[in-house]
Amino acid sequence: MSRILVFAGTTEGRKVAEKISLAGVKGLVCVATDYGTQVMPEMDGIEVRSGRMTESQMEELMASEEFYCVVDATHPYATVVSENIKAACQASMLEYIRLKRDTSVNSDFSKPGVHYFDDNETCAKALEGTRGNILLTTGSKDLSVYMQRGSLKERLIARVLPGSESIEACEEQGLSGRDIIAMQGPFSKDMNLAQIRDYKINVLVTKMSGAAGGFFEKALAADEAKINLFVIGDPDSSDGFSYEDVCARLSTITGVRIGRDRQFEVCVIGCGMGTDNTLTYEARTAIEDAEYAFGSKRLVEKYGKANQSFPFYKPTDIIQYLDRLSSSLAKDTIKAVVLYSGDSGFYSGAKELIPALDEWRAEQKGRGTTVYIKQIPGVTSISVLSSLMGINYENANIMSMHGVEQNYQSDMDVVSSARRNERTFLLLSKSADLVYYAQLLERSGLGHLKMVLGVNMGDVEGRTYGFIAENAAKINPENLQEGLATLYIDNEEPLITRGFTMSDEEFERQEGIPITKEEYRYVVLGKLGLKRGEIFYDIGSGTGSITVSAAGISDEIHVFAIDAKNEAASLTKRNCIKYGRDNVTVVNGKAPEVFDTLPRPDAAFIGGSDGRMREIIRGLRDKNRDVRIVATAITMETVNEILQITSEIPYAEVNIIQMQISKTETVEKYHLIKAQNPAFIACMNFKGKI
């Protein structure tokens, strides 16, 4: 009966042998040393032989009986051995299958302090330029390269396998006693860290051994200890197959399913406020059952198992490591948790992770691995603070300012929410942000609002603090308790405001300052077609009726109200404050000169030009060649001027609307129709062409 011949020297080789045995197929596994035999578990149908072989000896073995094929699962650095196996296969006309370990790394290990080398020789030379003790984890085979350099002899600590061959090799090179760490790996991050600190290591030398060889745990330990990491790159540039592909090929050759379907369980957990009191029983159970934990450093140190926890929180890094676990472990069921603070479905990093996990699940399905994804919600600081205050938050506006850059737009979002909502919650980056937002509210005329700050509410030391905004604005931030913070803003009389359907009578008026009348405003705004996120100029804002109405379409439209007259700019500002238009900036200056200081407009309305229509239209188009412009006119001369200007601009389009509005007027018991002066509305666009 034919067998599969496996040359093993890695964890993956052991895995292949286990899968061959589980499938009921016979196998012969060859390892180089007696120690390799010791770490190979007993498996039905698998014979294990030890001893190094030359190419001719390999050929003799392959000719001695019937083999389906040969699997080369030797170490990536055993390049000579792989060349001999391949040559022997060619001579024996046996299929050669190279199982290649994934030894790539991600950006987390491309940072200052991490140095990469092509081979041991260049690494040893570079070590001569360092100081302090060196932990060499490349194995006993390459020890001579380093010991040949006299300056390194007294500084080397060699970590090798606990087999007699490895220890003898160390002693032959002059190492003994405390200079030798004889242990079976791979090691956890904490074990690496303990050895680094115990031996006062300044440089850790490792091969690019990938997840299966414990590379990441070494790198994490070196990073935490703030020592140099010298990495020798993978010299094996030959083609090879992944573990899954090797199992698939063996299944095809033997006609037997090799490599049972694997299950990978990933729980995305909301850990509440990062305290035992706010961690749910379901979350705690999932964490205890898991073998691997990922998340922020704070969370994995608190909840993760010491030897299987990784401070990864970016989806790309988590997926990359899960992928390596899936391809390097022999277990049929793997359980992992990803830890996030708060609730996994509420302003959480899980928002980006879940879609990435879904894509990974589809990829794993094609590799015979079934991935189960589960979300476990957590207790949020909002619910805790609400319960402490004895209020509900079902109608509250909730905003996350955690990690958000404090700028004009984010500030106006906060002010707008505080002005228009009875209850507003802000998730803060730090408790000191209370002072920043209190000062912001005070500047916006909202200094009378009540504020409650909750800090570390899940802890015994956690507290809540009540303030009036104008008083909180005077606090020294350094006097506030540090920690995770949530801010509540209470407005007992929120501003109730409509969009742009406002009557003329609702605006504050001033003699001599014009207003764009109600019916004309509707047409103008309809023709402008303003959308969320756009920048809009109201040129010649006057009373501010267009400004206030446009700003009411969406809080995410930013309006720049421009008027050269001080009285008009002041009146526009008062009407904006009256209706809570926090998304307006009033500019007291002449157009188009002020355009240089303003952002690029998407649309503009010209309600008054002071005889500078040509300069204004040209100035707007210089800012944005695709700008949409609407202008009003009451004289034919102005209409003719607009037509003349647009005729000079290539690809410009202009449509003129003439409007005549008549409204009822009551005289005693009679209703008369009174006509208003006719007006023209010019709609211009330029198709974005030069």
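Between F241 and R98, L99, K100, the built amide H atoms are under 5 Å apart, and every one of these is 5 or more places off in sequence or on another chain.
Qualifying GluC sites (Glu not before Pro) in the stretch 545-609, where qualification requires a DSSP coil assignment and no more than 14 other C-beta atoms within 10 Å, comprise E556.
What pairs from K189/K226; K226/K305; K153/K200; K305/K335 go past 18 Å between their alpha carbons? Over 18 Å Cα-Cα: K226/K305.
Taking only the Cα atoms of the stretch 277-411, the ratio Rg/Rh comes out at 1.02, with Rh defined as the Kirkwood radius. Dividing the summed -39500 (n - 2.57) terms of all DSSP H runs of n ≥ 4 by the residue count of the chain sets its mean residue ellipticity at 222 nm at -10000 deg cm²/dmol. The trypsin sites (Lys or Arg not before Pro) of the stretch 335-379 include none that DSSP puts in a loop with a beta carbon having at most 15 other beta carbons within 10 Å. Compared with the dominant principal axis of the Cα atoms in the chain, helix 11-22 is inclined by about 80°. Restricting the stretch 415-465 to GluC sites (Glu not before Pro) that sit in a DSSP loop and have at most 11 other Cβ atoms within 10 Å of their own Cβ leaves E461. In summary, the lysines within cross-link reach of K527, defined as a Cα separation below 16 angstrom excluding same-chain residues under 8 places away, comprise K517, K687. Once the Cα atoms are used to define both axes, helix 636-647 deviates from the longest principal axis of the chain by about 30 degrees.
Compute the helix-to-body angle for 433-443: its Cα long axis versus the longest principal axis of the chain, expressed 0 to 90° and rounded to tens. Between the helix axis and the principal axis of the chain, the angle is about 10 degrees.
Placing dummy labels 7 Å off each Cα toward the beta-carbon, the span from Q409 to A63 is 7.5 nm.
For the chain, averaging the sequence separation of C-alpha pairs within contact (under 8 Å, six or more residues apart) and dividing by the residue count gives a relative contact order of 7 percent. Among the listed pairs K531/K565; K578/K674; K100/K218; K302/K365, give every one whose C-alpha distance is greater than 27 Å. Correct reply: K531/K565; K578/K674; K302/K365. A Förster radius of 22 Å, combined with the Cβ-Cβ distance separating I391 from I468, puts the computed FRET efficiency at roughly 0.80. Projecting label points 7 angstrom from Cα along Cα→Cβ for V114 and T54 puts them 4.3 nm apart. Here the stretch 107-232 is assigned +1 on the Cβ of each Lys and Arg and -1 on the Cβ of each Asp and Glu. Its dipole about the Cα centre then comes out at about 400 debye.
Amide H to amide H, with H built 1.01 Å from N, I232 comes under 5 Å of F117, T206, K207, M208, counting only residues 5 or more places away or on other chains.
Among H671, H115, H75, sorting on how many other beta-carbon atoms sit within 10 Å of each Cβ, with the fewest leading, yields H671, H115, H75. The aspartates and glutamates whose alpha-carbon is closer than 16 Å to the alpha-carbon of K314, local same-chain residues fewer than 8 away aside, are D108, D323, E352, D358, E359. Can you check what the net charge comes to around E359, using other residues whose Cβ is under 13 Å from the Cβ of E359 (Lys, Arg +1; Asp, Glu -1)? With Lys, Arg at +1 and Asp, Glu at -1, the neighbours total -2.
Backbone amide hydrogens, once placed in the peptide plane, bring V337 within less than 5 Å of C267, Y292, A293, F294, excluding anything fewer than 5 places away on its chain. Annotation: aspartates and glutamates with alpha-carbon distance below 19 angstrom to K663 (same-chain offsets under eight excluded): D504, E505, E506, E518, E519. Taking other C-beta atoms within 10 angstrom as a stand-in for reagent exposure, I319, I269 fall in the order I319, I269, fewest first. With 30 Å as the limit, write out which pairs from K19/K86; K351/K474; K351/K450 have Cα-Cα distances beyond it, or answer none. Table pairs above 30 Å Cα-Cα are K351/K474; K351/K450. Note: relative contact order over the stretch 282-430, using C-alpha pairs below 8 Å and six or more positions apart, is 18 percent.
As a proxy for reagent exposure, R463, R324 were ordered by neighbouring Cβ count within 10 angstrom, fewest first; the result is R463, R324.
Under the criterion of Cα pairs below 8 Å and six or more residues apart, the relative contact order for the stretch 504-685 equals 18 percent.
Laboratory data are not the source of any read-out in this text; all were calculated from the coordinates shown. The shown structure was predicted, so the numbers you read here are calculated from the model rather than taken from an experiment. Here Cβ is always computed from backbone atoms with ideal geometry, including for glycine, and neighbour counts include all displayed protein chains.
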